[in-house]
Structure formats: structure tokens, C-alpha cells
1. Where does each of MET298, MET127 land when they are ranked from fewest to most other beta-carbon atoms within 10 angstrom?
2. Cut-off under 26 Å on the C-alpha distance; same-chain residues fewer than 8 positions from LYS134 excluded. Which lysines are left, in chain and number order?
3. How large is ³J(HN,Hα) for each residue in region 349-364, as worked out from phi by the Karplus curve 6.51 cos²θ - 1.76 cosθ + 1.60 (θ = phi - 60°), to whole Hz, x for Gly and Pro?
4. Evaluate the distance, in nm, between pseudo-label points positioned 7 Å from the Cα of THR173 and of GLN378 along their respective Cα→Cβ axes.
5. Using the basic label-point model (7 angstrom from Cα toward the beta carbon), what is the SER232 to LYS196 distance in nanometres?
6. Using alpha-carbon positions, what is the distance between the centroids of region 175-195 and region 357-378, in Å?
7. What is the spin-label model distance, in nm, from SER264 to LYS220 if the labels are put 7 Å beyond Cα along the C-beta direction?
8. Would you please give the residues with an amide H less than 5 Å from that of GLU357, counting only those at least 5 places away or on a separate chain, with H modeled from the backbone geometry?
Amino acid sequence: MAPPPNTVELNNMQNILTKKNIIIALAVLVIFFFGAGAYWYYSDNNKDNKSGGILGRFFPEGENKENTSGENNNSSGGNPTGGEVKNTESFQLVKEPVSGAIFIKAPKGGVSKIRYIEKATGDLYEMGANGEDKSKIAATNIPWAFDVIWSPDGRRAILKTVSGDKMNATIATFSGSSVKTAFLPEGARDVVFSPKGDRIAYVLQSGDDGSIITSTVDLKNKITRLKLKFSSWKLFWPEEGNIYALTSPSAFLDGHLYRINLASGAFTKILNQKAGLTAAINSTAILFSETDAGNKTMNLFLSNNLGSKIAPLPIKTLPEKCIWSPKKKEVAYCATPVALPTASYPDDWYKGKINFEDTIIKIDLGTKSFDSILIPQQGDATNLFLSDDETILFFINKSDSSLWKIKL
């Protein structure tokens, strides 16, 4: 028979239960206080909207005016619209620090897997969706990557590391237990895969200049798409024909978002002069946040992919903590702080000066609903990704780089 718990264990259990109750209570309070206002905004103000498409159902017909007042924002996450709030299972899949992970849909008749790269070793592992049958697949020999970008099929990964004051980016191609590597040129900064995974785009710094270049994954057929006296770009490639370039986000700088059309070469301004601007983009819409310097907080907004229609959202989080659904373009999942500390956003979060305790918010633009999924354990969720049927959400806890799963 197991011995009874001692006093320390009982106190720990009480602390855990107290923290969980606080999180649930905060979420319920947010629903109570903000549900009516948000419901009015997203229902009554838009009830006459008859324009087509996802954004047509969300934005009022003919509306083309920016609204960045943030009047509907609140100081915590929770569930602002009175939608469903539910507890769910969450489970730590990998305790050791992880540089990056992806869900790989199995071929017909096979078993879907999670692939991840262990931070300390650079080794590639595979396991089932519940953490079962974990095995080492290959060794990249690239330890301590601070970020990993995956091709959609999980066969390739771009590992970012730092040496001194330089960032290095390496493309690793996996075939069974073998790894083939290709090194991006010195001065390469941000890198992304195309939606099909057969090309990459990267920023190349040379002196004060910054060039945005596309190439095949073996670094051939290079094309310079843009060259400017600026090199701190963050890239997005949500659709084959367009690459988006975002200036480096900071609360102390006005941010700008541009689109590069790969067919015509057109360089188009989408969003501009928004302090702390950062974004999550799909082929239809943009979630973006803007710094509220006066109140030391941030506001979240929705825009179409032209930046011509903007509406405030009644939650506060950073787009880096969101993921668009690959199956439903009108759905996004965001890890949202239950309580938002006063800080300079996004800088203080990037630097690790603050950490969040999150709940998961499902945003459905089609139904204009926001549903909360409460995480029993504390976590600052980032690098979100979904199972192929979107019943499970995975994330890396920014606080310790451990890998987690949540049932949706």
C-alpha cells in the first residue's frame, strides 16, 4: 500500500488546485463582464451584413474604415463573447527542451506521427500523437537551434542557430536515418518554406542592404525579389503567389507589412505605421497586434489580406501565439493570456522578461464566435500546430521548451 501523502505534498496539491481555480474564475469573470459588449459588437453591428465570403460575414458590407481604437479590448484573455468554456485534457509529451515540432499525416494505411528536434542534441525523433513509440530517427549534429521551420510534409527543416553575433540557417533534408544539409549564405536572416515546400524565401543582409530571395530547397534558381536599405524582415508565405514581409516588431518602432507578388513583382503596402506590429497570415485574412504604449498593453485586430478592412477583436494576445486552421480558413486558434502583465509588447515577451499563463481561444469568423479551452497546467504556449483532423492542438511551452498536447 502506498504511504499517505505528507504535509508538503498536501500543500503542493492545494496550491495546484488553487491556481487552477483562479484561472477558471478569471475566465468566467471575463465572460460575465465582456460577453454582453462583445456580443453586441459582433452581432448587432454586423446583422445587416450580406456580402459574400468569410470576411464578408465578419466585416460590415462596404466598410473600409480602419478602427484601431481598441475599445472592445480587455485586460485578460478568457472568453470575451459568452461562447463555450470547457476544461480539457492536456499532457506533456516531451519534458526535455524541444527546438521545433510538427504533426505528419500518415500515408494511407499508416500511422500519423509527431516529429520533433531535441534542442540539446539536434537529434530528430518521432512518436505517436500520445507520445507512444518514441524513437530517434536521425542526428542533425546541429544542437541548440533556437527555432525550427518545417516544410509542410515534415521531410525538411530549417534550423536557426547563433554563433557569436551571427545567425546561421541550415536546411536539413531527412530520408530514413540519413540527413543531408545545405547551408544558407552568411548573412541570411529569416527563412520560410513555400506552401508546397519545394521552395524557400530568405532575407540576405549585406551591409545596410537587405534582399529578399527565393530559391529551390537545394539553393538553386535564386531570384532576388526585393532589395532595400533595410534587412530586419520577418517573412510569411501563406499562398504560392505572394510573400509577405513584416518589419521587425518592436513597441518602440512603427511597423509595416508589405506583400510581394511573385508573378508581377509588385511590392504593395498592406499595413503601416502601427507600433509593435506583428501578424499571423493566411490566404484570406490577417490577425495582427498593435502596441498600446500609453497603457503598456497590446490590442488584437483582424484584417482582410489587403489590409483595407480592419476590426478589433475582444481578446489580447500576440499573433505568434495563434495558428490558422489548414482545413477551415475562417478558424484560428490562439493561446491567450488569462491575465496580461503591464509591459512593452512584444519586446518584453520576446526577451523573456514576462511569461503568460494561457487559455486557448478558438476564433470562428464564420459564426463570429470565440470559445475557450482551459489548460489545466500553466503554460506560455507558442509554436502551435494541429493534428490532421484538428481534434488535438500541440504547442511548445516558451518557459521551458517542453512539448504539450491539448484535446480540442
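1. MET127, MET298
2. Within reach: LYS95, LYS105, LYS108, LYS113, LYS119, LYS160, LYS180, LYS398, LYS405, LYS407.
3. Those phi angles translate into 6, 4, 7, x, 6, 9, 10, 10, 10, 9, 10, 9, 10, 8, 9, 10 Hz.
4. 4.5
5. 3.5
6. Rounded to whole Å, the Cα centres lie 34 Å apart.
7. 3.2
8. Residues meeting the criterion, in which the H sits 1.01 Å from N, are VAL338, ALA339.
The numbers here are math on the coordinates, done by the rules we state, and not lab data. Quick caveat: nothing in here was measured; it's all calculated off a predicted structure. Every residue, glycine among them, receives a Cβ derived from its backbone with ideal geometry; neighbour counts consider all protein chains shown.
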